[in-house]
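The values are calculated or read from the model by the stated rules, or taken from the named source; none is laboratory data. Since the structure is predicted, the reported quantities are computational estimates derived from the model, not experimental observations. Virtual Cβ from ideal backbone geometry, glycine too; neighbours counted across all protein chains shown. Please note that ligands, DNA and RNA were not included when accessible areas were found on the heavy atoms of the full protein model with its side chains. Shrake-Rupley method; radii C 1.70, N 1.55, O 1.52, S 1.80 Å.
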Amino acid sequence: REYIFRWYPWTGEIKPPERIHRVMFLIYVQLAVVALAARPPGHVHPSALPLDAKVHDNGDVSVLMNGEPYFESEGLFFRHNGALYLPKGSPIPSKASQPGQRKQLILERIQRDLKGFDAMGTYTETVIDWSLDTTRVSTGVKVYQGGWIVFSQRFPFGLNLTSTGDENQIISSFPSFRLPENNSVDSRGFVGYKGNMMGYHYRLGPWTSAADKDKGLPDGLDGTGPLIVFEPGAPQPPTVVISPKSAFMATNQVVDNSSHLLGSRSPSSYLRYGIMGRVRELPLNFQAEIILCPDLGINRAMYNWGNLLLRTYDKDRAPPKLDLSLTHMGFATDNGAWYYYQTEEGLSYQDTLMAVKEYSERVGVKYRYLQIDSWWYYQDKESWGAHGVLNWTARPDVFPNGLDFVFNATSWPYVAHNRFWSNKTDYAIQNGGQFRFCMDDKKATPIDPGFWMYLFAYAKKWGVHVYEQDWLFAQFEENHCTLDSVTTAREWLVQMGEAATAHGINIQYCMSWPRHALQSVEIQSVTQARASDDYHPGNDQWRIGVTSIFAHAIGLAPLKDTFWSNSTLRGRYGDDREIAPRLQAAVATLSTGNVSPSDKINWTNVDIVQRCVDSNGKILAPDTPAKILDQAILSGALDPGSKLGEVWASCSEISGFCFPQILNADSPPTTLSFEDVLDTFNYMYRHPGHHSIDDVNTRYHTFLAVDTAAVSLGEPPMKTLQYVSKESPLKLSATNKTDFQLWALSPVLPNEWSFLGEIADKWVPASSRRFSNLVADASGISVTASGGPGETIEVWAVFVGLHEGSDYAEDRQDFASTNGKNIAHCSCTMSNSGTVRISLPMCECLAF
């Protein structure tokens, strides 16, 4: 949102002194600044690597980093009235974008040094007006004081007859960045998100291969999303994130490999941004924007980029306190689950789910919700590619007593799945229903906001807590309703989200392309999104470290999908079994998304599942999802012979101290320096309410690290302990999926105690969802723990006991051979209210 200051007219006969005008203006400015500073979404800090832009007299743009060209934009174009308009001497785009006559785009005027202020801060803008015979368009370049840049295309009078007939192409182009040749000298690399599940099938590689059709940048409908461009550098590689900033559902990024200058036979390659190619017309005052966000570090730049989008659309990056599916464990029945389109022998689905409830209570596993997949509602078996939805109500052969019966009997609210809509849906006016739908050959798109209000009011009555919108890509692609219009796809998602908010329902996105995920920044009710392919016993869809960067940046919880906790269970999917249930459970916990096992009754590995949660089913997750480290991305993109190691990091903050988690799975041996460890979390605390980076660097001198994955196999907790300091890096062994490492790092506190938490029992031993009010003083450590009524927990702490100025590397002790003199561990039982105050080393337990 842009803040526009307007002078209100003086209604009296006597004009006020000019001094009053000045005072009023200052008041308006101060109120606007206070309002922006106080808003919770997306705390934004200035870039550590600001960009600048030079707009040339012909409309081309040089993006500058440290005063040197970093990207060169040239060769813009627009389609209007069936013709392609481009400036004289401009590179001619590929044939796919230029059917029809070519005409000259005339530069009419350049306005420079225009000052402004919006949700992203103060900027200076250059605006260029262009003439297309009978109409005008303009392009703009905003350079923000914080170091980021926004390119814009504006259509004050709209455009007509624009379509190229190819939805993966574009009808406009600005910016258009020239890409390097394959044999050029360029040390940069890239990550580009592509395909379903938030771009789970991402591409990464050297920038010199960006134009390669098979290995280069993703583009088109399924490949338009955040593009990360980075240079070598440790531990903080210089990075720029490029993505749409608005018109998310209508914008394409396109790699144009056949552009050429008039008179030249050798084509050049460009990364072009514009409106998708099948759009037939643009409405008055339509605008599309592209943002470039620089910073030091890949994770850091993505986080700051996401903050800028969240701040622009006023969406909270809030802890998921009101989303039960993100705070507590549930039971799943989706693809990969034992009960996916299958029941217990001789039982209906209704009775099978009641039996799951009885079994879970008997073994002490506390499920708090139920995910119900597509097996329960009416589907059209003749619709596009899969079964579209006819009517989103429960079939009586599945739930004889209705969905509300199971909800009331189990007290489990639903995460309720839905697909795309069939063109035979009962809800459409065209089929005798009440609501307006846009009809395609096989699919239908709701365009009536009253439809979603009706659907969610009905769903709320039978217990829906989360609406899972699956098959998002299918609703969008091969559908003239969403591809020929520049507004319909956005309206479909926004109307869905507004109705969900009105009824207190959260939304989960599934099978989303990157553009759907980007659109969620406008929709407060979208809290989570699948970041992996579908689970299947034994497959590798747990690798969500790269997509989690994307999800966390824009305020979504990344979901790993369901898993089996038992390694010997077979028979549902042939002879396939889950070979790495511990890793599956650990990743689900570290994701901050759903933890939803799906074992057959009597086959749950209770120990593995209980390591994820407390006795009340609350997920003991970190504060931030585990995301792949910058170093792993650098090696995977820039070292062709290297393996992209799955080394991820997350953090839990307790009383101002960060307790990192480092996952090392299916990776070669390596080491993480102390700076690497600090950089896994310090970029997230560069905003009010948290400690500064200077504070981070002075507060943390040493960590103690324990491998909780080894402990889960029976290893004594202290046997795995490592010091991590400037002199002692964290040593990571070669790992695979069954023999992985999960390092829990605990800071050495000012009194030389280190609180390790529940290292013997939980994947995340020091979760802020469990512990609070940590105090370190002369007597030791005290901390408040919460959980289920009467739950007993065991916590550990270590007294390092080194004198001031000592060398931790030289004075390192073998804690396994000290007879426990510097080790404290204590078991305490919660009160009926589920709280206890624990003091170490005295082992005092005060339940309250």
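Tabulated data
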| read-out | value |
| --- | --- |
| Every residue from region 761-778 that is part of a loop (DSSP other than H, G, I, E, B), of a type in the set (Gly, Ala, Ser), open to solvent by 20 Å² or more (accessible area, probe 1.4 Å) and closer than 24 Å to residue 617 by Cβ | 768 |
| For residue 386: the one exception among (1) buried (at least 17 other Cβ atoms within 10 Å of the Cβ); (2) within 24 Å of residue 561 (Cβ to Cβ) | (1) |
| From 491, 478, residue being of a type in the set (Asp, Glu), under 24 Å from the mean Cα position of the chain (by Cα) and farther than 21 Å from residue 370 by Cβ | 491 |
| Some residue of region 352-359 being farther than 30 Å from residue 787 by Cα and of a type in the set (Lys, Arg) | no |
| Residue satisfying condition, being open to solvent by less than 60 Å² (accessible area, probe 1.4 Å), of a type in the set (A, V, I, L, M) and either assigned to a loop (DSSP other than H, G, I, E, B) or closer than 29 Å to residue 607 by Cα (or both), within set 409, 459 | 409 |
| Residue list for region 367-393, filter: among the hydrophobic types (A, V, I, L, M, F, W, C) and part of a strand (DSSP E or B) | 370, 372, 389, 390, 392 |
| Single unsatisfied condition, residue 601 versus (1) among the aliphatic types (A, V, I, L, M); (2) open to solvent by 10 Å² or more (accessible area, probe 1.4 Å); (3) modelled with pLDDT under 95 | (3) |
| Test: residue in region 485-498 that is touching an Asp or Glu at 6+ places or on another chain (Cβ under 7 Å) and part of a helix (DSSP H, G or I) | yes |
| Residue under evaluation residue 167, criteria (1) open to solvent by 30 Å² or more (accessible area, probe 1.4 Å); (2) within 26 Å of the chain's Cα centre (by Cα); (3) charged (D, E, K, R); (4) farther than 23 Å from residue 224 by Cβ, criterion not met | (4) |
| Matching residues, region 219-229, being in a strand (DSSP E or B) and out of contact with any Leu (no Cβ under 7 Å at 6 or more places or on another chain) | 228, 229 |
| Checklist (1) of a type in the set (S, T, N, Q); (2) open to solvent by less than 40 Å² (accessible area, probe 1.4 Å); (3) free of Cβ contacts under 8 Å to residues at least 24 places away in the same chain applied to residue 430, failing item | (2) |
| Unmet requirement for residue 234, which otherwise passes all of (1) outside any strand (DSSP E or B); (2) surrounded by fewer than 23 Cβ atoms within 10 Å (Cβ to Cβ); (3) at pLDDT 95 or above | (3) |
| The lone exception for residue 147 - which of (1) part of a loop (DSSP other than H, G, I, E, B); (2) free of Cβ contacts under 8 Å to residues at least 40 places away in the same chain; (3) open to solvent by less than 10 Å² (accessible area, probe 1.4 Å) it fails | (2) |
| Only one of 89, 121, 82, 116 that is out of contact with any strand residue (DSSP E or B) (no Cβ under 8 Å at 6 or more places or on another chain) and either open to solvent by less than 40 Å² (accessible area, probe 1.4 Å) or under 19 Å from residue 157 (Cα atoms) (or both) | 82 |
| All positions within region 740-757 that are assigned to a loop (DSSP other than H, G, I, E, B) and either farther than 25 Å from residue 565 by Cβ or more than 28 Å from the chain's Cα centre (by Cα) (or both) | 748, 749, 750, 751, 752 |
| Selection within region 732-762 - out of contact with any Leu (no Cβ under 7 Å at 6 or more places or on another chain), farther than 17 Å from residue 772 by Cα and of a type in the set (Asp, Glu) | 739, 761 |
| Residue check for residue 135: of a type in the set (Val, Ile, Thr) and open to solvent by 10 Å² or more (accessible area, probe 1.4 Å) | yes |
| Answer residue from region 244-281, given it is in a loop (DSSP other than H, G, I, E, B) and modelled with pLDDT under 70 and is nearest to the chain's Cα centre (by Cα) among those | 267 |
| Flag if residue 559 is buried (at least 22 other Cβ atoms within 10 Å of the Cβ) and more than 24 Å from residue 407 (Cβ to Cβ) | no |
| Top-ranked residue of region 699-739 - restricted to ones that are part of a strand (DSSP E or B) and hydrophobic (A, V, I, L, M, F, W, C), ranked as surrounded by the fewest Cβ atoms within 10 Å (Cβ to Cβ) | 732 |
| Residue 425 open to solvent by less than 10 Å² (accessible area, probe 1.4 Å), over 27 Å from residue 512 (Cβ atoms) and hydroxyl-bearing (Ser, Thr, Tyr) | no |
| Considering residues of region 816-848 that are at pLDDT 90 or above and small (Gly, Ala, Ser) only, the residue nearest to residue 706 (Cα to Cα) | 824 |
| Some residue of region 394-404 being over 23 Å from residue 561 (Cβ atoms), open to solvent by 20 Å² or more (accessible area, probe 1.4 Å) and in a strand (DSSP E or B) | yes |
| Subset of region 31-69 that is open to solvent by less than 80 Å² (accessible area, probe 1.4 Å) and of a type in the set (Val, Ile, Thr) - its residue that is modelled with the lowest pLDDT | 33 |
| Pick from region 298-342, criterion of a type in the set (Phe, Trp, Tyr) and under 28 Å from residue 120 (Cα atoms), ranking: most open to solvent (accessible area, probe 1.4 Å) | 313 |
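The rows are residues; the columns are (1) open to solvent by 30 Å² or more (accessible area, probe 1.4 Å); (2) under 22 Å from residue 151 (Cβ atoms); (3) touching a Pro at 6+ places or on another chain (Cβ under 6 Å).
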position: 196; (1), (2), (3): yes, no, no
position: 199; (1), (2), (3): no, yes, yes
position: 221; (1), (2), (3): no, yes, no
position: 246; (1), (2), (3): no, yes, no
position: 251; (1), (2), (3): no, yes, yes
position: 257; (1), (2), (3): yes, yes, no
